[in-house]
Amino acid sequence: MTALVEVRDLVKTFGEGETATRVLRGLDLTLVEGDLAALLGPSGSGKSTLLTILGTLMRPTSGSHTMLGEDMTSASDAALTEFRNRHIGFVFQFHHLLPDFTALENVVFPTAVNKGRETREARERGEDLLRRVGLGNRIHFRATQLSGGQKQRVAIARALMNQPELVLADEPTGNLDRESAGQVMELIREINETEKTTFLISTHDEKIAAACKRQIKVVDGKAVAES
Ligand code: ADP
Ligand code: MG
């Protein structure tokens with residue numbers, strides 16, 4: 001299988017001198033196409049730091065990072081922004097939906113901003129995605145009219161809008177009740193299965209971790225394969 005993402009000897013240090021915190025300490029990780037991996041580790045172990053770097057939102061202190069064969073560490077900020085928009089989707093613990101916008105507007109808006117306009121194709125894809133995440137009857141509901149689980153499903157549809165190869169999810173079910181968390185994970189599995197989208201999901205939830213195809217743990221700033 002082709003490597004989608006590869007990081008080698010990844011180091012991330014925050015601060016300098018005596019107050020410096022070395023969070024990632026020579027971490028190696030490979031994600032292949034179609035991966036569905038849980039990212040585990042106690043609070044403060046560096047999961048969000050790793051996801052932020054893999055999402056090209058922050059640069060590592062040292063080490064190599066390639067995605068789709070391209071070197072992320074030497075790319076300009078502008079090139080990274082373009083790359084990110086095309087290839088990477090994000091889901092966070094808090095849905096970050098615009099409250100007064102409808103489900104559809106929330107899904108389509110980021111793409112519309114990037115393109116400078118909202119196209120009919122984008123609207124159709126947005127509607128299609130909302131149906132896929134089980135919200136076909138909520139397309140024109142405002143975010144404030146949706147439950148927590150429904151909002152997180154809108155956030156997943158939004159992350160998938162540009163057909164990214166990689167979706168990075170940082171505790172996506174951390175704010176949901178058990179049943180909604182299960183439904184969100186079920187949806188992620190289905191998308192992974194049908195679209196071969198690669199997912200890396202940080203979580204503290206054993207059930208969510210077990211529903212992934214493999215588990216990776218951050219221990220002492222390094223990635224340890226659990227299975
Ligand atoms: P996790 O997501 O596993 O809980 P994080 O990646 O958020 O862990 O944080 C790992 C460590 O890095 C923590 O000690 C945190 O305080 C520190 N850290 C994260 N971001 C910053 C930052 N921007 N500046 C300084 N320290 C940070
Ligand atoms: Mg975190």
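It is to be established whether one or more residues within segment 185-207 are on the phi > 0 side of the Ramachandran plot and at pLDDT below 95.
yes
From Thr73, Thr66, Thr102, Thr52, which residue is closer than 22 Å to Arg214 by Cβ, away from ligand 2 (no atom under 16 Å from the Cβ) and polar (S, T, N, Q)?
Thr66
Just to be sure I understand, how many residues within segment 52-101 are under 12 Å from the mean Cα position of the chain (by Cα) and among the basic types (Lys, Arg)?
1
Looking only at residues that are of a type in the set (A, V, I, L, M, F, W, C) and within 16 Å of ligand 1 (Cβ to nearest atom) in segment 1-22, which one is farthest from Glu33 (Cα to Cα)?
Only one residue tops the list, namely Ala20.
If you go through segment 201-214, how many residues are surrounded by 18 or more Cβ atoms within 10 Å (Cβ to Cβ) and under 16 Å from the mean Cα position of the chain (by Cα)?
Of the residues in segment 201-214, 6 are surrounded by 18 or more Cβ atoms within 10 Å (Cβ to Cβ) and under 16 Å from the mean Cα position of the chain (by Cα).
Pairs needed: first member in segment 175-204, farther than 20 Å from Gly55 by Cβ; second member anywhere, within 16 Å of ligand 1 (Cβ to nearest atom); C-beta distance under 6 Å; at least 6 residues apart or different chains.
Ala181/Thr173; Met185/Ile208
Restricting the search to segment 179-195, which residues are over 15 Å from Ala155 (Cα atoms) and crowded, with 18+ Cβ neighbours inside 10 Å?
If the condition is that a residue be over 15 Å from Ala155 (Cα atoms) and crowded, with 18+ Cβ neighbours inside 10 Å, then Asn192 is the only one that fits.
Which of the residues belonging to segment 24-48 are crowded, with 19+ Cβ neighbours inside 10 Å and either of a type in the set (Val, Ile, Thr) or away from ligand 2 (no atom under 11 Å from the Cβ) (or both)?
If the condition is that a residue be crowded, with 19+ Cβ neighbours inside 10 Å and either of a type in the set (Val, Ile, Thr) or away from ligand 2 (no atom under 11 Å from the Cβ) (or both), then Leu24, Leu27, Leu29, Leu31, Asp35, Leu36, Ala37, Ala38, Leu40 are the ones that fit.
Where residues in segment 161-173 are of a type in the set (A, V, I, L, M) and either more than 16 Å from ligand 2 (Cβ to nearest atom) or farther than 20 Å from Lys47 by Cα (or both), which of them is surrounded by the fewest Cβ atoms within 10 Å (Cβ to Cβ)?
Applying the filter and picking the extreme gives Met161.
What's the number of the only condition in (1) modelled with pLDDT under 95; (2) over 25 Å from Ala112 (Cβ atoms); (3) surrounded by fewer than 18 Cβ atoms within 10 Å (Cβ to Cβ) that Leu176 fails to meet?
(3)
Does at least one position in segment 105-124 carry a residue that is under 22 Å from Met185 (Cα atoms) and more than 18 Å from the chain's Cα centre (by Cα)?
There is no residue in segment 105-124 that is under 22 Å from Met185 (Cα atoms) and more than 18 Å from the chain's Cα centre (by Cα).
Against the condition within 16 Å of ligand 2 (Cβ to nearest atom), over 12 Å from the mean Cα position of the chain (by Cα) and of a type in the set (Val, Ile, Thr), how does Val218 come out, does it pass?
Criteria met by Val218.
Could you tell me whether any residue of segment 98-106 is without any contact (Cβ under 8 Å) to a residue 12 or more places away in the chain and surrounded by 13 or more Cβ atoms within 10 Å (Cβ to Cβ)?
Yes, segment 98-106 has at least one match.
The values are calculated or read from the model by the stated rules, or taken from the named source; none is laboratory data. Predicted model only: the values in this text are computed from it and were never measured. So basically every Cβ, Gly included, is an ideal-geometry build from the backbone, and we count neighbours across all protein chains shown.
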